[in-house]
1. So between Gln454 and Lys467, what do we pick up on full extension, going 0.36 nm a residue minus the alpha carbon distance?
2. What list of ³J(HN,Hα) couplings, whole Hz, do you get for the range 329-336 from phi and the Karplus terms 6.51, -1.76, 1.60, once you set θ to phi - 60° and write x for glycine and proline?
3. Along the range 67-72, what does the Karplus equation 6.51 cos²θ - 1.76 cosθ + 1.60 (θ = phi - 60°) give for ³J(HN,Hα), rounded to whole Hz, x for Gly and Pro?
4. For a quick check: with amide H placed at 1.01 Å from N, whose amide H comes under 5 Å from Thr324's, ignoring anything fewer than 5 positions away on the same chain?
5. Calculated FRET efficiency, Ala21 and Leu410, Cβ-Cβ r, R0 35 Å, to nearest 0.05?
6. Need the C-alpha centroid separation for the range 91-115 versus the range 361-384, integer Å.
7. What is the set of long-range amide H partners of Thr143 at a cut-off below 5 Å, with H atoms built 1.01 Å from backbone N?
8. So what J values fall out for the range 382-399 if you push phi through Karplus, 6.51 cos²θ - 1.76 cosθ + 1.60 with θ = phi - 60°, rounded to Hz, Gly and Pro as x?
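We did not get these values from a lab; they are worked out from the coordinates using the rules stated. Because the structure is predicted, anything quoted here is derived from the model rather than measured. Glycine gets a Cβ as well: all are built from the backbone with ideal geometry, and neighbour counts include every protein chain shown.
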Amino acid sequence: MCGINGFLDFNRQATRADLSAMNKVLMHRGPDGKGSEIFEKEKFTIGLGHRRLSVIDLSNAGEQPMLFEEFAISYNGELYNYTEIKSELTILGHSFQGDSDTEVILHAFKEWGVECLNRFIGMFAFVLFDQKEEVLFCARDRTGIKPFFYYFNDGLFLFASELKAFHQLPQFKKTINHDALSLFLQFGNIAAPHTIFEHCYKLLPGNYLLLKCSAIEDFSTSLESHQYWTVYDAYNKPKLDISFDEAKRNTTEILTSACNYRMVSDVPVGIFLSGGYDSTAVAAILQKNLPQPLKTFTISVPDLGLDESKEAAEIAKFIGTDHTEVHCDVKEAISKIADLAYYYDEPFADSSAIPTMLVSEAAKKSVSVALSADGGDEVFAGYNRYDYMMKYQRKFSATPEFMRNSMVFLMKQIAAEKIPFLRNKYNFHQRYEKLKMLLDDPSEKNFMFSLSKQFTEEDLTFLLLKKPILLPTAYQSMALLKEFSSPLSYMMAIDYQTYLPDDILQKVDRATMHVGLEGREPLLDHRLIEYVAQLPDGFKYHKGIKKFLLKEIVHDLVPKELMDRPKKGFAIPIANWMLNDVSFLLDEYLKESDIRHQGLFNWEVMDQIVKAFRSGKLEYTNKVWYLLVFQMWYKQWMN
């Protein structure tokens with residue numbers, strides 16, 4: 001795992017010093033080494049930078065940027081099946097200098113070109129420069145586990161694992177994208193391909209870029225984006241006509257292969273064990289066939305209601321791992337708020353980043369690689385919103401339109417805070433507004449949006465000074481064919497392309513890499529989603545039981561009585577913090593003078609939101625947290 005960065009400059013203003021600065025600011029991603037290469041061409045200059053976290057082939061043969069014949073590469077990730085690909089290439093006549101997966105990628109691209117991507121099992125983001133054809137090739141893994149940002153403006157192309165690298169070049173114009181700001185306020189993150197800045201993008205998962213350097217005459221059309229993989233290819237197939245037991249056997253086999261692949265390493269490996277079904281599945285499958293105990297880690301912050309140490313310890317004892325409980329107090333957790341804006345260098349409001357950073361710090365003391373179990377909800381149907389969709393969407397749709405319209409009209413006349421008793425219920429105001437939206441439009445699409453949004457479009461018209469334009473994202477995808485569509489598959493496919501890469505994976509990447517820890521995701525092996533997507537919905541969501549298939553697999557490995565308990569997430573008591581321990585942050589960052597000077601928000605509306613929250617209306621908690629996170633980001637990167 002590493003950090004990549006670099007530039008393609010047709011103005012030939014970027015320098016080796018600029019590349020060095022980009023490299024330096026990503027040092028946390030690769031503390032074990034650094035490298036850079038400059039290619040001076042007649043019409044342009046290319047710089048490739050790299051920060052190294054040594055995991056596979058710890059020798060100098062694994063250093064980057066790596067050169068092979070006409071190709072040069074800067075690569076971040078792990079290619080888990082690189083030994084098999086290397087053997088195949090050897091038979092085809094290739095010879096290798098070392099034992100790194102980086103060298104295998106170079107030879108694979110030489111042999112198969114773009115098609116090599118379809119052979120890779122792993123997570124990756126890389127840039128490969130073909131000096132002979134003068135083409136820059138950029139690729140990102142299928143799910144988007146590894147980040148890839150790029151900037152494309154005025155004859156300058158920048159790329160990096162994190163946005164902070166771009167700030168090191170004076171040519172980078174950090175102009176806020178107002179429409180992307182509205183995405184953040186809606187979802188707590190900025191959905192790909194957009195970023196907070198204009199002319200700056202995220203490479204979509206399962207996509208690659210071709211930049212033809214010789215096309216300087218028409219720079220605006222020289223960048224081509226191509227999709228080589230999409231989850232819809234799996235969902236748009238007939239459901240498999242097999243028994244549940246056969247599906248269970250096949251899924252277990254794929255899971256076992258995915259977990260075993262992610263143990264390939266020349267440094268110690270551990271596992272994040274929360275005690276939930278996802279992490280237990282990974283730990284139990286791996287420990288079952290290993291003679292030595294695996295290292296597992298659980299975080300415990302009792303004052304936050306996050307103490308899963310007892311359950312995790314019982315599971316660890318049963319499966320036989322070498323278990324570590326990470327005990328943190330509230331002060332340690334709160335102290336991480338100050339780090340969020342730097343390491344999450346575009347606005348990012350998922351508060352579970354805080355405990356994820358804490359457990360990453362603890363794991364790094366013992367291991368350099370940690371397996372996480374993200375993706376279980378998206379692959380096996382684990383989110384509560386799937387419950388809501390399955391239970392209520394059809395009922396709402398079946399309600400006559402005139403009745404729904406009448407109810408919506410009545411709710412518009414009666415504000416949530418005017419309803420006795422219920423107005424004092426936690427989050428009632430927000431639920432009231434969502435119910436109104438769902439009655440108005442009970443379509444699958446609106447169900448998905450309503451259950452995912454924080455600020456609505458109507459909210460934003462009052463809060464933002466500039467009326468936002470809805471940016472195209474995977475939330476609007478129509479790629480799921482009607483003959484294969486169901487409410488569950490619709491939501492799961494959308495989540496796999498939006499919430500998973502834009503929130504969960506971004507959270508885990510920054511949290512692990514801020515201490516130079518490599519995070520691996522066995523549940524995001526593309527072979528797993530390609531198979532499970534073709535299984536009947538009832539195998540995943542069965543009689544109100546979410547993750548039914550995965551739970552049945554785990555129950556063969558761990559007694560059901562150890563697992564059968566309410567799910568706990570990384571729920572942070574943000575409301576309590578902002579009303580007490582960090583209330584001073586609201587005063588510091590949400591000041592009238594600063595807000596008016598920025599020219600982004602309507603101060604009167606923002607002030608009303610904050611005052612409502614401080615008066616005890618906790619339904620405004622997330623809205624205030626989003627605003628605070630943005631202002632902390634703004635002060636870090638725009639002032």
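1. 3.0 nm
2. 9, 4, 4, 4, 5, 5, 4, 6
3. The phi angles translate into 10, 8, 6, 8, 9, 9 Hz.
4. Distant-sequence amide H within range of Thr324: Thr296, Phe297, Thr298.
5. For R0 = 35 Å, the calculated efficiency reads 0.05.
6. One Cα centre to the other: 30 Å.
7. Gly206
8. Once rounded to whole Hz, the list reads x, 7, 4, 5, 5, 4, 4, 4, 5, 8, 10, 4, 5, 5, 5, 5, 6, 6.
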